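Report on the following structure.
The values are calculated or read from the model by the stated rules, or taken from the named source; none is laboratory data. Since the model is a prediction, treat every value here as computed from it, not as a measurement. All Cβ positions, glycine included, derive from the backbone under ideal geometry; neighbour counts span all protein chains shown.
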Amino acid sequence: MLMMQHLKSISPVALSLITLLFTSTSPISIAAELKSTELPTLITQIQTMPSYVELDARLEAINQSTISAQTSGIVEAVNVDINDRVEAGQILIRINDSQQQALLSQARANVAQAQALNEDAQILLKRNRSLFAKKTLSQGELDSAIARAKSSQAAVVATQAAAKQAQEQLSYTLIKAPYAGIVSQRMVQVGELVNPGQALMTGFSPQALRAITDIPMHLAKQLSKQLSKHLGTAKADNLFIINQGQRFAAESITLFPFADNRFSSVRARINLPKLDLPKMELAKIDSATINNSTLLPGSWVKVAIPSREREGIYVPLTAVLQQGEVAKLFIKDAKNQQFKLRYVRLGQKLKSADNTIDLVEVSSGLESNEEIALHAIEAAKLISSGL
């Protein structure tokens with residue numbers, strides 16, 4: 001009784017569509033009268049398209065680094081944490097600078113002292129030259145004055161360099177972001193003593209990503225023809241990154257100049273186009289929107305590499321009615337002008353030549369010069385309304 005009430009609440013159009021989808025699983029094709037002007041169609045033909053080999057690859061940020069301490073001291077403040085967005089030059093960590101300030105003051109005092117001694121030595125040298133010209137000073141005393149003047153002048157240069165080094169050590173107490181990005185790891189807490197070389201924080205820039213994969217030798221040889229003689233970097237023609245059903249065109253590819261003899265493969269870096277984001281927009285990026293919303297550093301993706309060209313029948317994805325792993329097309333009968341639902345087997349997916357239409361290969365169940373509906377969902381709605 002309860003089931004009958006639910007069935008009564010379903011509209012006739014929806015009920016007919018459900019009937020169409022369930023009964024289409026039988027071997028007998030379903031037909032419905034439909035005029036050709038009501039639905040756009042496509043005449044199938046054999047086309048020559050590139051065949052792709054899909055390889056596993058791991059995404060990584062091109063700009064990713066671990067910031068380490070360059071001076072010693074107590075951490076006074078940590079201004080950012082994991083998943084925080086930072087801009088280039090932003091202060092991340094502040095280290096107590098009392099010791100560095102003292103060393104800088106001492107270095108500046110040494111510079112002032114050296115400059116004073118140098119001035120006195122230069123004046124003394126000038127006086128001795130005058131006395132030597134009057135032959136009231138020996139050559140040995142003049143040479144000693146010249147040596148003292150040069151020594152004092154060199155002392156000024158040495159103390160200025162020490163002051164510059166002390167100033168640099170003071171600047172190391174402010175840990176700054178080398179580029180705009182996102183903090184991925186924090187290894188220090190407020191109050192800890194840090195020493196030179198100790199890792200403090202890790203981050204990456206989401207604006208530029210690349211995929212790392214190992215390409216079999218026979219494919220690497222084909223790709224090397226597009227690159228330089230030394231397997232350098234070149235434009236990645238017809239290379240794609242596939243993730244969660246989405247395809248992203250690659251920008252360039254770099255093949256390593258050596259092979260892995262264990263797996264007979266060559267490692268490759270495939271760069272994705274860089275996101276050109278203003279500074280204000282970078283702060284709005286989160287983990288769900290990094291680089292086209294689906295590409296995240298550290299995740300696994302597929303790399304589609306062209307291997308050879310082959311002939312086949314390719315149709316738009318919109319023409320396919322997909323139910324789980326079962327694929328069907330609406331085929332127009334040339335005799336009675338009716339559409340029939342036919343089971344087909346699909347092959348590889350790829351983009352059209354202008355990179356605007358998603359295509360899929362029909363490996364069996366369809367022949368050339370057959371007329372199909374371009375939009376399977378619309379065809380199903382129109383046919384169900386006529387049943």
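Would you check if S224 is touching a Phe, Trp or Tyr at 6+ places or on another chain (Cβ under 8 Å) and surrounded by 15 or more Cβ atoms within 10 Å (Cβ to Cβ)?
no
Taking into account only those residues within the range 218-268 that are of a type in the set (G, A, S) and assigned to a strand (DSSP E or B), which is modelled with the lowest pLDDT? Give the derivation first.
Here is the first cut: in the range 218-268, the ones of a type in the set (G, A, S) are 220, 224, 228, 232, 234, 236, 245, 249-250, 252, 259, 264-265, 268.
Adding the requirement that they be assigned to a strand (DSSP E or B) leaves 234, 249, 252, 265, 268.
Values: A234: 53, A249: 82, S252: 84, S265: 89, A268: 90.
Looking at residues that are of a type in the set (G, A, S) and assigned to a strand (DSSP E or B), I get A234.
Among the residues of the range 94-112, are any within 30 Å of R269 (Cβ to Cβ) and in a strand (DSSP E or B)?
Looking through the range 94-112, none of the residues is within 30 Å of R269 (Cβ to Cβ) and in a strand (DSSP E or B).
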